[in-house]
Amino acid sequence: MHLLRDASRGAWLLGRVGAWATVGGVAGNGFDAYARLLNPLAAHHEDQTTQDRWGVHPDDEHTRWPWAEVARRNNRVMHPLIQWRRISDEEQTRWWPDGWRVDQSDDGWFDPQDLSVLTEHLRVATTTPENLVGGAWVGTGEYTDSETAGTAHGNRGTSEVLEWPGRDVVLFPSSIEELADPGWAQRAVPGWATTSHYDQEAPHTTFIWPSDQAWVVASEEDWDSTIVAGTRDLIDRVLADDRFEAYEVHEDSDLSWDGDHINLPRPA
């Protein structure tokens with residue numbers, strides 16, 4: 001990977017941006033169908049039969065949970081517009097008497113392991129699998145070359161940054177073959193330093209699209225789910241893959257925190 005100096009590669013998508021806080025506002029309008037992938041939750045179990053000298057129970061198991069397990073435990077309802085803050089009671093119900101707890105959901109980050117799985121479907125849905133463009137929100141890193149060394153969040157010329165509403169984005173080339181190997185995320189890109197708290201050296205994948213513009217994968221910084229936009233066949237494949245916790249959504253679906261009209265806030 002390397003940084004692209006020409007943001008015009010994303011002009012086609014910029015011309016399709018939808019309303020704020022909607023699916024189309026993150027992935028662009030005009031695709032045949034859309035899927036929302038809920039980012040898995042890190043779950044931990046503590047051994048309640050023993051404790052250390054400070055009275056802390058050590059963990060004896062680590063895994064990943066779907067949101068459905070938290071919803072089940074908290075008597076919440078799963079549906080396409082579900083919001084993490086609602087099923088976790090504003091992050092207050094993430095621990096249970098049986099020793100299990102979950103971390104806060106991951107915002108704005110699509111796990112490279114999950115992306116690797118998704119490439120199986122993305123590969124057959126484009127005629128240009130060898131020619132992808134990725135984009136990282138500038139807030140997830142900084143330029144490090146001699147021209148802008150130490151400059152946080154870019155400050156490049158507009159020709160070098162895709163000016164997505166509220167999210168200036170730096171672009172870089174990639175391929176399905178590269179993204180199919182999760183190891184790509186540990187390879188730094190010259191001129192760019194990722195500064196987020198996730199274990200990743202390469203730029204984040206705020207956007208990914210092929211040069212034939214057949215689909216888009218989008219991970220908005222403030223959302224804990226990833227949007228796949230594309231053909232009906234692609235979305236059907238993604239929805240049918242039980243390795244994802246996925247729901248069909250639409251370009252005008254409201255994915256703001258208040259978009260969950262089923263799981264209402266509980267009284268304080």
Checklist outcome for this item: The ³J(HN,Hα) series, computed from each phi in segment 113-120 with the Karplus coefficients 6.51, -1.76 and 1.60 at θ = phi - 60°, rounded to the nearest Hz and given as x for glycine or proline, is 5, 6, 4, 4, 5, 4, 4, 4
Checklist outcome for this item: For segment 21-160, the percent of accessible surface on carbon and sulfur atoms (probe 1.4 angstrom, ligands and nucleic acids excluded) is 47 percent
Checklist outcome for this item: Contact order relative to length for segment 118-268, counting C-alpha pairs under 8 Å separated by 6 or more residues, stands in percent at 24 percent
Item to check | Environment charge at G28 (Cβ cut-off 15 Å; Lys +1, Arg +1, Asp -1, Glu -1) | outcome: -2
Checklist outcome for this item: Which residues qualify? For N39, with a placed amide H closer than 5 Å and at least 5 residues away or on another chain, they are S225, T226
Checklist entry - Which residue fluctuates the most in the chain, going by a Gaussian network model with Cα springs under 10 Å, if the choices are N75, N39, N131? => result N75
Next on the checklist: Could you put L171, L239 in order of accessible surface area, largest first, with the 1.4 Å probe and the full protein assembly present?
Outcome noted: L239, L171
Checklist entry - Given the options W223, W20, W12, which has the most mean-square fluctuation in a GNM of the chain, springs set between C-alpha atoms less than 10 angstrom apart? => result W12
Checklist entry - Which is the longest part of the chain that has none of the trypsin sites (Lys or Arg not before Pro) sitting in a DSSP loop with at most 15 other Cβ atoms within 10 Å? => result 54-186
Checklist entry - Using the Cα gyration tensor of segment 53-118, with a ≥ b ≥ c the square roots of its eigenvalues, what is the shape: rounded (a/c below 1.5), prolate (a/b larger than b/c) or oblate (neither)? => result oblate
Checklist entry - Lys/Arg Cβ at +1, Asp/Glu Cβ at -1, dipole of segment 170-256 taken about the Cα centre: which of I208, A240, Q186 is farthest positive-ward? => result Q186
Checklist entry - Cα-Cα pairs above 32 Å in the chain: how many percent? => result 26 percent
Checklist outcome for this item: Dividing the alpha-carbon radius of gyration of segment 1-86 by 2.2 N^0.38 Å, where N counts its residues, gives 1.76
Checklist outcome for this item: With every protein chain kept in place and a 1.4 Å probe, the chain has an accessible area per residue in Å² of 46 Å²
Checklist entry - For the chain, with only Lys/Arg (+1) and Asp/Glu (-1) charged at the beta-carbon, what is the dipole magnitude about the Cα centre, in debye rounded to 20? => result 400 debye
Checklist entry - In terms of modelled amide H atoms, which long-range or inter-chain residues lie less than 5 Å from the amide H of R64? => result A43
Checklist entry - Near the amide H of T144, under 5 Å away, which other amide H atoms are found, from residues 5 or more places off or on another chain, if H is placed in the peptide plane? => result G191, W192, A193
Checklist outcome for this item: Carbon and sulfur atoms account, in whole percent of the 1.4 Å probe accessible area of segment 163-212, for 47 percent
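The values are calculated or read from the model by the stated rules, or taken from the named source; none is laboratory data. Since we're looking at a predicted model, the values are computed, not measured. Methodologically, a virtual Cβ is constructed for each residue, glycine included, from the backbone with ideal geometry; neighbour enumeration extends over all protein chains shown. Remember, those area values only see protein heavy atoms, side chains included, never the ligands or the DNA or RNA. Shrake-Rupley method; radii C 1.70, N 1.55, O 1.52, S 1.80 Å.
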